[in-house]
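The values are calculated or read from the model by the stated rules, or taken from the named source; none is laboratory data. Since this is a predicted model, take the numbers as computed values, not measurements. For neighbour counting, all protein chains shown are included, and Cβ atoms are generated from backbone atoms with ideal geometry for every residue, glycine included. Keep in mind that these areas ignore ligands, DNA and RNA; they rest on the heavy atoms of the full protein, side chains included. Shrake-Rupley method; radii C 1.70, N 1.55, O 1.52, S 1.80 Å.
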Amino acid sequence: MSNYFQAFAKLGTVLKDSDYLYLLLEPVFIYGITLGLIAFIIAYFIKNTPFQISALTLIALSSLTMFPYLSMRVKAQDRIDQVYHIESPNHAKNFKENTQQRKSHLWLYVVVTVTAGFAAMIGPRRNRLGLLFAIICLGFAAKSIQFSVWMHYQDALVFHPHLKHSDSPVQKRLKEKKAK
């Protein structure tokens with residue numbers, strides 16, 4: 001029984017580490033928005049308004065996790081600089097560039113949150129305004145999923161060199177630097 005409580009104590013210290021928290025939060029907005037989008041589409045076709053509102057709420061809450069995610073990611077930058085500054089300085093630089101790219105697209109998650117919130121409050125089947133907010137939300141949610149997965153891939157290319165190389169912006173920068 002004491003091992004059980006020791007495991008929770010260790011987990012508590014891990015959850016205070018911003019370097020780990022940003023990794024833990026990333027799937028929340030990727031999968032949360034995706035599941036919310038799928039759930040909303042299903043709920044719309046089966047005409048279940050409470051399920052639609054729940055799906056929109058999931059989308060809104062999932063997109064809100066971008067704020068603590070970015071905060072933790074910025075805090076993690078210092079340790080990444082310390083770890084990679086000698087061995088692989090491009091890792092730290094590319095991580096910082098990817099963070100800046102994510103920050104520049106923060107508006108996308110705000111739009112998803114606001115439109116999902118308004119659509120949930122009004123009700124997507126109640127009137128045209130609610131439906132309009134729901135449609136706008138779905139469009140921006142799909143774009144945010146695409147952007148989130150793309151940025152996740154960019155981070156994976158930086159830290160996992162065994163991945164298949166492609167013509168991603170990170171790979172182009174790395175090739176240009178090697179050519180110089």
Could you derive backbone 3J(HN,Hα) for region 32-47 from the dihedral phi with the Karplus parameters 6.51, -1.76 and 1.60 (θ = phi - 60°), listing whole Hz in sequence and x where the residue is Gly or Pro? x, 5, 4, 5, x, 5, 5, 4, 5, 4, 4, 5, 5, 6, 8, 6
Send over a whole-number figure in Å² for the accessible area per residue of region 1-157, probe 1.4 Å. 56 Å²
Peptides 83-95, 142-154: what's the order by average Cβ count within 10 Å, highest mean first? 142-154, 83-95
Quick calc: nm separation of the 7 Å Cα→Cβ label points for A179 and Q6 -> 5.6 nm
Of the accessible area of the chain, computed with a 1.4 Å probe and all protein chains kept, carbon and sulfur make up a percent value of 68 percent
Stokes-Einstein D for the chain, Kirkwood Rh over Cα pairs, 37 °C, 0.692 mPa s (µm²/s): 180 µm²/s
Once fully extended, how much extra length lies between F45 and V74, figured as 0.36 nm per residue of separation less the alpha-carbon to alpha-carbon distance? 6.4 nm
What number, in percent, do you get for the relative contact order of the chain if the mean sequence gap of Cα pairs under 8 Å and at least 6 apart is divided by its residue count? 21 percent
Subset of K10/K96; K75/K103; K103/K143; K16/K93 violating a 22 Å alpha-carbon distance limit: K10/K96; K16/K93
If you rank L108, L11 by how much accessible surface each has, with a 1.4 Å probe, what is the order from largest down? L11, L108
Separation in nanometres of the label points that stand 7 Å from Cα toward Cβ, at H162 and H105: 2.6 nm
Cα→Cβ-extended label distance, 7 Å offset, between V83 and T57, nm: 3.7 nm
Directionally averaged projected area (convex hull, Cα atoms, region 21-87), nm²: 4.9 nm²
Mean residue ellipticity at 222 nm from the helices of the chain, using -39,500 (n - 2.57) per DSSP H segment of n ≥ 4 over the full residue count, to the nearest 500 deg cm²/dmol? -29000 deg cm²/dmol
